[in-house]
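A quick write-up on the structure given underneath.
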Amino acid sequence: MADFEHVFDAPPEGAAADWTIGQDWASYTPVEHQTWDTLYARQMQILPGRASDAFLNGLKALDLNAGGIPDFEVINPKLKALTGWTVVCVPGLVPDAVFFDHLANRRFPSGQFIRKPDQLDYLQEPDIFHDVFGHVPMLTDPDFADYMEAYGKGGQRAAGLGVLPQLARLYWYTVEFGLMESPDGLRIYGAGIVSSATESVFALDDPSPNRIGFDLERVMRTLYRIDDFQQVYFIIPSIEALKAETLRDFGPIYERLQGASDIPVEAVLAGDDVRTRGTQTYAARGGRFAA
Ligand code: PHE
Ligand code: FE
């Protein structure tokens, strides 16, 4: 999930110059395919009525439950026909510039491995379940597809301006942990939420976290946690609205942000459009490390 960190400085043995590797679908074991099926079935008990239509429609369109880990050679033609995106495999977290170049060219980099059966609920690095189940369905939505490409290009620009931490927060609070409005109430669309059985419930139902209407500059100033449930979620009105808001020139915003202080995860500010004033009880009790 932390797409802005990396382990290697150059493509490791066996990876291409753009860091891609083959998926080698035939190499997955029956246990690994079973892990996918187990995780998929579990999420489908939870997500109807919680996940956004864009996500649920994308799942259906790509038929990600055909049995076991999806074969990229099967899903890529469908995804490409819908929005021009493809999924490629990478050996782990890749450098920022590589990540942005893939997004800017409508390629989503995915881990090749799947978590072990004793890690169903939590793992530190994104695996193929997080990347493909969590991220890829949203890429079937034309506006989200445009947003992700624009993000890649925006990342290349932000890197040059020294404002990557600010831009990374936008990714975190939308692509990974975003909530959106729907006529029937709040829905989740962030990949970090929809791929997690526990956070899929926590993000919508728990009284602990703050839930605040999306504000671009507010989000870009807000710190985030990578090791536990979020303490704040931001709500977009719609994917179209997110796209419209982010297509404008960030130059003046980056300038204003230079002098602005970072906002702690649990803060509620005077100008916030607060939908839930969280109790922060979960975090106060020690989060996932609570006794
Ligand atoms: N509009 C942003 C810029 O001018 C680029 C961007 C688009 C960033 C969409 C994120 C998402 O830099
Ligand atoms: Fe992710």
Looking at G49 and the list (1) open to solvent by 30 Å² or more (accessible area, probe 1.4 Å); (2) touching a Gly at 6+ places or on another chain (Cβ under 6 Å); (3) of a type outside the set (K, R), which single condition is not satisfied?
(2)
Filter result (within 12 Å of ligand 1 (Cβ to nearest atom) and under 29 Å from F55 (Cβ atoms)) within region 250-264
F250, I253
For the condition more than 12 Å from ligand 2 (Cβ to nearest atom) and on the phi < 0 side of the Ramachandran plot, what is the one hit in S182, S195?
S182
In region 159-178, which residues are away from ligand 2 (no atom under 16 Å from the Cβ) and crowded, with 22+ Cβ neighbours inside 10 Å?
Q166
Return the residues of region 233-249 that are open to solvent by less than 40 Å² (accessible area, probe 1.4 Å) and more than 10 Å from ligand 1 (Cβ to nearest atom); say none if nothing qualifies.
Y233, F234, I235, I236, S238, I239, A241
Going through region 115-135 in order, the residues found to be out of contact with any strand residue (DSSP E or B) (no Cβ under 8 Å at 6 or more places or on another chain) and either outside any helix (DSSP H, G or I) or open to solvent by less than 30 Å² (accessible area, probe 1.4 Å) (or both) are R115, K116, L120, D121, Y122, L123, Q124, F129, F133, G134
If I ask for residues that are among the β-branched types (V, I, T) and in contact (Cβ under 8 Å) with a residue 60 or more places away in the chain, which ones from region 204-224 would you list?
I212
Tell me, please, whether a residue that is modelled with pLDDT of 95 or more, out of contact with any strand residue (DSSP E or B) (no Cβ under 7 Å at 6 or more places or on another chain), buried (at least 17 other Cβ atoms within 10 Å of the Cβ) and over 28 Å from P183 (Cβ atoms) can be found in region 205-223.
yes
Does Y282 satisfy the criteria of being open to solvent by 20 Å² or more (accessible area, probe 1.4 Å), within 16 Å of ligand 2 (Cβ to nearest atom), in contact with a helix residue (DSSP H, G or I) (Cβ under 9 Å, 6 or more places away or on another chain) and among the hydroxyl-bearing types (S, T, Y)?
no
Check region 124-137 and report whether any residue there is modelled with pLDDT of 95 or more and more than 26 Å from G14 (Cα to Cα).
yes
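Among P70, P77, P91, which is modelled with pLDDT under 95, of a type outside the set (G, A, S) and either over 16 Å from P12 (Cβ atoms) or open to solvent by 20 Å² or more (accessible area, probe 1.4 Å) (or both)? Outline the logic, then answer.
Working: P70 fails: modelled with pLDDT under 95; P77 fails: modelled with pLDDT under 95.
P91 is the lone residue from the list that is modelled with pLDDT under 95, of a type outside the set (G, A, S) and either over 16 Å from P12 (Cβ atoms) or open to solvent by 20 Å² or more (accessible area, probe 1.4 Å) (or both).
For region 261-278, which residues satisfy the criterion of being among the small types (G, A, S) and surrounded by 12 or more Cβ atoms within 10 Å (Cβ to Cβ)?
Matches in region 261-278: A267, G278.
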Test result for R169, within 16 Å of ligand 1 (Cβ to nearest atom), in contact with a helix residue (DSSP H, G or I) (Cβ under 8 Å, 6 or more places away or on another chain) and either under 21 Å from L64 (Cα atoms) or free of Cβ contacts under 8 Å to residues at least 60 places away in the same chain (or both)
yes
Please work out which one of (1) within 27 Å of F129 (Cα to Cα); (2) within 16 Å of ligand 1 (Cβ to nearest atom); (3) touching a residue at least 60 places away in the same chain (Cβ under 8 Å) is the condition V201 fails and give its number.
(2)
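The values are calculated or read from the model by the stated rules, or taken from the named source; none is laboratory data. Fair warning: this is a prediction, and the values are worked out from it, not measured in the lab. Backbone-built Cβ (ideal geometry, glycine too); neighbour counts: all protein chains shown. Just the protein is used for accessible areas: all its heavy atoms, side chains included, with ligands, DNA and RNA removed. Shrake-Rupley method; radii C 1.70, N 1.55, O 1.52, S 1.80 Å.
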